[in-house]
Amino acid sequence: MILQDQIALVTGGSRGIGRAIVLKLAQSGAKVAFVYRGNQAAAESLVQEIQQFGGTALALQGDVALPETAKKVTDQVFASWGKIDILVNNAGIIRDGLFISMEPEAWNAVIQTNLGGVYYFCQAVAYPMMRQRAGRIINISSVAAEHVNKGQCNYSASKGAVNSFTRGLAVELAARGVTVNAVAPGFIETDMSEAVRNMAGDFIEKKLIPMRRLGSPNDIAEAVLFLASPAASYVTGQIITVDGGLSLGAVSP
Ligand code: NDP
């Protein structure tokens, strides 16, 4: 298997895109630890699903927005399995609302989770990965980093910063064999996008996405697997958009 003997850590692994990434990495032979915030039932059922096909998974509760979580979680993974080869920073939230009435709580929660969490987890694995002269860091960004929507100033700012951070860290870690990339999803069918999908009806698929379908969590997991695999060993500092053509900006008549 392509990720045999690899150890992966995925944040926000209990649901949606993160869950698909955890499954994909485990199906590819990696032992996978994942962080969830509150949904213990979803986390436990994912561990069971992975065990049923002979894979190995570890669910760890923690809030990525808190500075202490990354060290606590990575210490647990190092204690269990001795190393971390692949880090996927996937945990993310939205607190949408027009800027004019955006409370500091909505700003801080999004920035702390989507950007702070990436910083804390990268900081926790960077030195160990540099020492082992190998590692893959994959940040889940969004097309909203570049193609903004009303009511998402905080979210777009956080994802734009994730893109810039990805490029900056890639430069710093490249000589030590550690790659840092991001995947920027378009509209993906998860709990996060449910409210917007319900509001927009089929307008998004019919008019905005040239491929005429929403993305599935697995579409994103496939891109993550590529970046984690030997096939991507010479790819670093890149933002790979996976959106069915949404960001091309062509509105269908
Ligand atoms: P979901 O809301 O469906 O799932 C979010 C996951 O992240 C859950 O596992 C949740 O855990 C976890 N999580 C949320 N906040 C925290 C936190 N503070 N600490 C630890 N875990 C946390 O989101 P998606 O799967 O849709 O999104 C995943 C990523 O993809 C995000 O970064 C998002 O910004 C990005 N994205 C999503 C798009 C989409 O259309 N869905 C489009 C573009 C980007 P729990 O189950 O315990 O709540």
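No value in this document is a laboratory result; all are computed from the given coordinates. As the structure is a computational prediction, the values presented were derived from the model and not from experiment. When we count neighbours, we look across all protein chains shown, and the Cβ atoms used for this are built from the backbone with ideal geometry, even at glycine.
Observations on the model:
- Dipole orientation for the stretch 7-248: of the candidates I100, I7, L66, I7 has the Cα lying most toward the positive pole (charges on Cβ; Lys, Arg +1; Asp, Glu -1).
- Ordered by the number of other Cβ atoms lying within 10 Å of each residue's own Cβ, fewest first, I50, I239 fall into the sequence I239, I50.
- Between helix 117-131 and the chain: long-axis angle, C-alpha atoms, 0 to 90°, nearest 10: 30 degrees
- Neighbourhood charge, 14 Å Cβ-Cβ cut-off, centred on A134 and excluding it, Lys, Arg +1 and Asp, Glu -1: +3
- Mean separation of Cα contacts under 8 Å (6+ apart) over length of the chain, as relative contact order %: 19 percent
- Greater than 23 Å apart at Cα, pairs in K150/K207; K150/K206; K24/K83; K24/K71; K24/K207: K24/K71; K24/K207
- Cα-based helix-to-principal-axis angle, 67-81 vs the chain, degrees rounded to 10: 40 degrees
- Counting every other Cβ atom within 10 Å of each residue's Cβ, F187, F226 order from fewest to most as F226, F187.
- Helix 153-173 vs. the chain, principal-axis angle (Cα, 0 to 90°, nearest 10): 40 degrees
- Restriction of the chymotrypsin sites (Phe, Trp or Tyr not before Pro) in the stretch 46-153 to DSSP coil positions whose beta-carbon has at most 10 other beta-carbons within 10 angstrom yields F53.
- Exposure proxy ranking, count of Cβ atoms within 10 Å, fewest first, for S141, S247, S45, S252: S252, S45, S247, S141
- Stokes-Einstein translational diffusion, the stretch 7-248 - Kirkwood Rh over all Cα pairs, 1.306 mPa s, 10 °C, in µm²/s: 88 µm²/s
- Cα centroid of the stretch 72-139 to Cα centroid of the stretch 155-220, whole Å: 16 Å
- Across the stretch 139-253, the relative contact order, built from alpha-carbon pairs under 8 Å that are at least six residues apart, equals 33 percent.
- If you take all other residues with their beta carbon under 13 Å from the beta carbon of V110, and give Lys and Arg +1 and Asp and Glu -1, the sum is -1.
- Span per principal axis, largest first, for the Cα atoms of the stretch 147-190 (Å): 40, 22, 14
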